[in-house]
Amino acid sequence: MTAVSPARFLRAILPALSLAILLIAVYHLNPRAISPLGFQLMFNLAIPIALATIAQMCVITVNDLDLSIGAYVGFVVCIAATWLQEIPVLGLLALIGGILVYMLLGALIHLRKLPSIVVTLGMSFVWLGLAILVLPTPGGQSPGWLAALMKYKPPPIPFLGGLVIPFPILAAVVIAAVAHVGLMNTSYGSILRGSGGNPKAIERAGWSLLKTKVTMFGLAGFFGMLAGLALIGLTTSAQANVAERYTLLSIAGVILGGGSFVGGRVSPVGAVIGAMTLTLAASFLAFMRIPPDWQIGAQGAILIIVLALRAIIDRLEKPI
Amino acid sequence: MTMLRRIADKPWLWSFVAAFATWLATIAFTGGQGGEQLLTAAFTFATFFVIVGIGQMFVITLGPGNVDLSIPATITLAGSVAMKVADTQDSMILLSLVAALACGLAVGVFNYALILILRIPPIIATLSSSFVVLSTAIAYGRGLRIKPPPMLADFTTAQVAGVPVLAICVAFLAAVMGVVLHRTVYGRSVIAIGQNQRAAALAGIKVERIRFMTYVLSAMLAALCGYLFSGFSGGSSLSMGEQYLLASIAVVVIGGTSVAGGNANLPGLWGAALFLFLVQSMLNTYQLSAGLRYLATGLIIIAVIVLAGGEKARR
């Protein structure tokens, strides 16, 4: 390994840097927020968003886009709040069915060369419809074990002076680590990324592009399911369109985290950090007393600013 | 036989066939009643789909990765700005139209600035700008529903012998855009860029200028749609753009335009737009529950895309 160029280094730490700057800003506005309890409250919702972002990242890795992830997470929430609670076997089957549908979509998109944007837009209606059929009016109940899991408080670490790591932070680290090792540190992981970067080369080398597409869509379904389960564990009652905004948030999270839109260049750790940045942005805006009207806009602005910084870094890297 | 094959080869034909079949399936259920009214309604609503569809079609024709996701937000912003400017006064109709189009121009320029300066894919650029635009619309409109000027409302709902006047106007607009697409330097440049951007650039086409014009065109047509739709539906609302995210893209793809770019199809927009509306009204006629309706809409759209997309892949 030769020395990493400064531009490359800057680009790699940009997601973490944005999160750190936002944390400092929050501390400035409200010092008490930077505490185990504050973190617990601010980052609770980051867990489902981070999982949905990882799901979106899987799809983006193979040069597709999933515009149905929000509706799918809503579907999982509704299943978890009803069937999984009343008839666990049926609920489990429905969740597995969801993942199978995702795999089928991957195959369909690959075999028929379909535009993923349109297919997943269509699927968002399908998931929403199914969710409404399962749970026509808001309600249901979160399975006790899920709620208990999401309320878990890690024990203090003795050799760090009794420091308590808030559960959302712990969860974010675990999610990032699992996705990173799976995608970046395994041999099939690099094939999966390669099938987004240079599909022809991967195919010539004897790997099945159909298989990589199905794998990635299946993983997206799996992480989307985890996102739904985490969300119902936090919110206790369900509603079909509860996760509507996850579609946009997850795409923004992947991009904020340094993922490229095409070419299989993604960063799981960055994606998780991106999701946390977006979640924290909501708290930050609340502390700033910015009216909720501007929340979406401010998230868009943060996205644009980070992308602008990245464009500047890119330009530093390639002087004319 | 060759003639038959040539007709069957036209991808846009399928969208009309599908629309007709849906219409038949609906009036078969009602026993032939209300067929004409249904067609009138279909043409009215299809008109709005076609307006945004034209812009989206030009954008998609630019090639892979080009798509405008800011259309719903632009519709909402332009609609609320125009209705506020008009303030229900007939005398302000033209000025409010100018205001709406100015919103479209601003969004289009902003979108393209993001694409060019940040060098990010158009999907992400238009997505992030749609966040900002929608927020602006929400903060500006405050969720108030301002009624349109009476003349605008009359114009957008007028009919001549059962044919909506607006549909006639938009048919004319579509015809003009068809000429622009196939007979002008601009339109042919769009298609050339979609087929091979590098070759187009080497042939002397100013790629960036054409892309700029296309994104502005798309945003301005979305603004026009927002203006007319708020006139038609009795005022602007914050959710008025929502259904156009799916509609604008689906209309283009079902209409036979290649998603890979470089091959646009204008007549198909009409067939696809009629089809989209007729599917909705068919499911309403069958009195399905909301859940089943969503489910069926999604499945039908996917099925049509699979069929239409397969047609293209074979060639």
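For the stretch A:6-314, which whole-number percentage of the solvent-accessible area (1.4 Å probe, protein heavy atoms only) is attributable to carbon and sulfur atoms?
71 percent
Using the heavy atoms of the protein chains alone and a 1.4 angstrom probe, what is the accessible area of the stretch B:181-247 per residue in square angstrom?
So the stretch B:181-247 comes to 44 Å² accessible per residue, rounded to a whole number.
Given 25 °C and 0.890 mPa s, compute D for the stretch A:1-106 with the Stokes-Einstein relation, Rh being the Kirkwood radius over Cα pairs; round to the nearest whole µm²/s.
Calculated translational D: 141 µm²/s.
With +1 on each Lys and Arg Cβ and -1 on each Asp and Glu Cβ, and nothing else charged, work out how big the dipole of chain B is about its Cα centre, in Debye to the nearest 20.
Dipole about the Cα centre, nearest 20: 860 debye.
Note down the accessible area of A:Trp83, probe 1.4 Å, to the nearest 10 Å².
Only protein atoms counted, so the area is about 90 Å².
Roughly to the nearest percent, how much of the accessible area of chain B is carbon and sulfur, given a 1.4 Å probe?
68 percent
If one takes the accessible area of chain A alone plus chain B alone and subtracts that of the pair, with a 1.4 Å probe, what total in Å², rounded to the nearest 100, results?
Approximately 3500 Å² gets buried when A meets B.
Please get the size of the charge dipole for the stretch A:6-314, origin at its Cα centre, with Cβ charges of +1 on Lys and Arg and -1 on Asp and Glu, quoted in debye to the nearest 20.
Once rounded to the nearest 20, the dipole reads 600 debye.
If a/c stays under 1.5 just call it rounded; otherwise compare a/b with b/c (prolate if a/b is bigger, oblate if not). Do that for the stretch B:29-121, with a ≥ b ≥ c from the square roots of the Cα gyration tensor eigenvalues.
In terms of gyration-tensor shape, oblate.
Output wanted: per-residue J couplings in Hz (rounded whole) for the stretch A:48-57, from phi through Karplus 6.51 cos²θ - 1.76 cosθ + 1.60, θ = phi - 60°, x for Gly and Pro.
Running phi through 6.51 cos²θ - 1.76 cosθ + 1.60 with θ = phi - 60° gives x, 5, 5, 5, 5, 5, 4, 4, 4, 4 Hz.
Among the aspartates and glutamates, which have Cα under 18 Å from the Cα of A:Lys200 when same-chain residues fewer than 8 positions away are ignored?
Counting by Cα, and skipping residues close in sequence, A:Lys200 has these aspartates and glutamates nearby: A:Asp64.
Applying a 10 Å radius around every beta-carbon, put B:98-105, B:61-68, B:43-50, A:226-233 in order of their mean neighbour count, most first.
A:226-233, B:43-50, B:61-68, B:98-105
Quick check on chain B: what does the Kirkwood estimate of hydrodynamic radius come out to from the alpha carbon pairs, in Å?
Hydrodynamic radius (Kirkwood, Cα only) of chain B equals 20.0 Å.
Rounded to whole Hz and in sequence order, give me ³J(HN,Hα) for the stretch A:11-26 from the Karplus expression 6.51 cos²θ - 1.76 cosθ + 1.60, θ = phi - 60°, writing x for Gly and Pro.
My calculation for the stretch A:11-26 gives 5, 5, 8, 4, x, 5, 4, 4, 4, 4, 4, 5, 4, 4, 4, 5 Hz in order.
So what is the calculated 222 nm ellipticity per residue for chain A, using -39500 (n - 2.57) for each DSSP H run with n of 4 or more, over all residues, to the nearest 500 deg cm²/dmol?
-24000 deg cm²/dmol
Please compute the average number of Cβ atoms from other chains found within 10 Å of each residue's Cβ in peptide A:307-314.
3
Could you give the distance between the Cα centres of the stretch B:20-72 and the stretch A:210-289, to the whole Å?
Between the Cα centres of the stretch B:20-72 and the stretch A:210-289 lies a distance of 32 Å.
For the stretch A:6-314, treating each Cα as an identical point scatterer without solvent, what Debye log10 I(q)/I(0) comes out at q = 0.06, 0.09 1/Å?
-0.20, -0.45
Can you tell me what percent of all Cα-Cα pairs in the protein assembly as shown are more than 48 Å apart?
Beyond 48 Å sits 13 percent of the P(r) for the protein assembly as shown.
Within the stretch B:270-295, whose backbone N sits under 18 Å from a point 7 Å along Cα→Cβ of A:Thr137?
Residues passing the 18 Å test: B:289-292.
Applying the Karplus parametrisation 6.51 cos²θ - 1.76 cosθ + 1.60 with θ = phi - 60° to the phi angles of the stretch A:67-76, what ³J(HN,Hα) value in whole Hz is obtained for each residue in order, glycine and proline being reported as x?
Result, rounded to whole Hz: 8, 10, 4, x, 5, 5, 4, x, 4, 4.
Could you work out the mean count of beta carbons from other protein chains within 10 Å of each residue's beta carbon in B:287-294?
Counting other chains' Cβ atoms within 10 Å and averaging over B:287-294 gives 5.
Which of the residues in the stretch B:123-152 lose at least 50 Å² of accessible area when you go from the chain alone to all protein chains together (probe 1.4 Å)?
Correct list: B:Ile123, B:Ile124, B:Leu127, B:Phe131, B:Ser135.
The values are calculated or read from the model by the stated rules, or taken from the named source; none is laboratory data. What you see is a predicted model, and the numbers here were worked out from it, not measured in a lab. Cβ atoms come from the backbone with ideal geometry, glycine included; neighbour counts cover every protein chain shown. Ligands, DNA and RNA are excluded from the accessible area calculation, which covers all protein heavy atoms including side chains. Shrake-Rupley method; radii C 1.70, N 1.55, O 1.52, S 1.80 Å.
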